[in-house]
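Written below as structure tokens is the structure these notes are about.
The values are calculated or read from the model by the stated rules, or taken from the named source; none is laboratory data. Fair warning: this is a prediction, and the values are worked out from it, not measured in the lab. A quick note on method: Cβ atoms are made from the backbone with ideal geometry, for glycine too, and the neighbour counts reach across all protein chains shown.
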Amino acid sequence: PKYTLVEKDTCIACGACGASAPDLFDYDEEGIAFSILDDNKGTTPIPIELEDDLEDAFEGCPTSSIKMNQKAFDHTPNNVK
Ligand code: F3S
């Protein structure tokens with residue numbers, strides 16, 4: 001499975017990810033994106049039917065702030081390398 005979270009420190013609130021993957025990404029009050037499924041923890045497996053959307057969001061983010069991993073993230077989003 002795939003996991004995702006948003007590196008909020010580098011997100012510039014461009015809005016591309018939510019357009020590509022509306023079921024996966026939403027925005028906080030400042031327009032900064034986060035992953036919906038697990039409140040940006042990156043610990044919930046992405047449903048298989050949403051993996052294409054995730055791929056699009058990953059490739060479409062201008063600041064590479066969409067992080068993707070094959071296993072659950074085990075660190076806080078703002079420290080994702
Ligand atoms: Fe931010 Fe990238 Fe989405 S800049 S709003 S994470 S496409």
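Annotations for the structure displayed:
- Answer residue from the stretch 32-65, given it is of a type in the set (Val, Ile, Thr) and farther than 18 Å from Ala13 by Cα and is surrounded by the most Cβ atoms within 10 Å (Cβ to Cβ) among those: Ile46
Per-residue answers, yes or no, for (1) outside any loop (DSSP other than H, G, I, E, B); (2) more than 8 Å from the chain's Cα centre (by Cα); (3) modelled with pLDDT of 95 or more:
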| position | (1), (2), (3) |
| --- | --- |
| Leu5 | yes, no, yes |
| Cys11 | no, yes, yes |
| Pro22 | no, yes, yes |
| Asp26 | yes, yes, yes |
| Phe34 | yes, no, yes |
| Asn40 | no, no, yes |
| Pro45 | no, yes, yes |
| Leu50 | yes, yes, yes |
| Asp53 | yes, yes, yes |
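Rundown of residues vs (1) near the ligand (Cβ under 9 Å from one of its atoms); (2) aromatic (Phe, Trp, Tyr), yes/no style:
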residue	(1), (2)
Tyr3	no, yes
Cys14	yes, no
Gly18	yes, no
Asp26	no, no
Glu29	no, no
Ala33	yes, no
Asp39	no, no
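- When Gly18, Gly42, Gly31 are checked against the criterion of being at negative phi and of a type outside the set (D, E, K, R), a single residue qualifies: Gly18.
- Only residues that are within 16 Å of the ligand (Cβ to nearest atom), closer than 12 Å to Lys2 by Cβ and either touching a residue at least 40 places away in the same chain (Cβ under 8 Å) or part of a loop (DSSP other than H, G, I, E, B) (or both) were counted in the stretch 55-71, giving 6.
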